[in-house]
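Q: After the structure tokens below, expect a handful of questions from me.
Every number in this text was worked out from the coordinates using simple rules, so none of it is lab data. Please read all numbers here as calculations on a predicted model, not as lab measurements.
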């Protein structure tokens, strides 16, 4: 992901912004931070199996979940402990 410049009025708050295609990821700084365990982003991916293998190979935990019909998905965590969901429509 390419880092992009934050608007001038927001720079002094810290954090950083990234861009990938039309998507942006904004990472903020918070005193007494606690990772989100329930609320989380879900990322639709084209090759869920390859991503799973990449994460496992790099030491990240993967939690499988088959409770959403018509999809394959799993959860992992970012380096700060926030929950991340990765999802792909099941092949028919």
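Q: How much length is gained on full extension from residue 66 to residue 26, taking 0.36 nm per residue of separation minus their Cα-Cα distance?
A: 11.5 nm
Q: If you don't mind, another one. Work out, step by step, the length gained on full extension between residue 90 and residue 33: first 0.36 nm times the residue separation, then minus their alpha carbon distance; give nm to one decimal.
A: Stretched out fully, the residue 90 to residue 33 stretch lengthens by 17.0 nm.
Q: Dividing the alpha-carbon Rg of the chain by 2.2 N^0.38 Å yields what?
A: My calculation over the Cα atoms of the chain gives 1.26.
Q: May I ask you to compute the full-extension gain from residue 16 to residue 42, defined as 0.36 nm times their residue separation minus their alpha-carbon distance, rounded to one decimal in nm?
A: Stretched out fully, the residue 16 to residue 42 stretch lengthens by 7.4 nm.
Q: Angle, helix 48-57 long axis vs. longest principal axis of the chain, Cα atoms, 0 to 90°, nearest 10?
A: Helix 48-57 sits roughly 70 degrees off the main axis of the chain.
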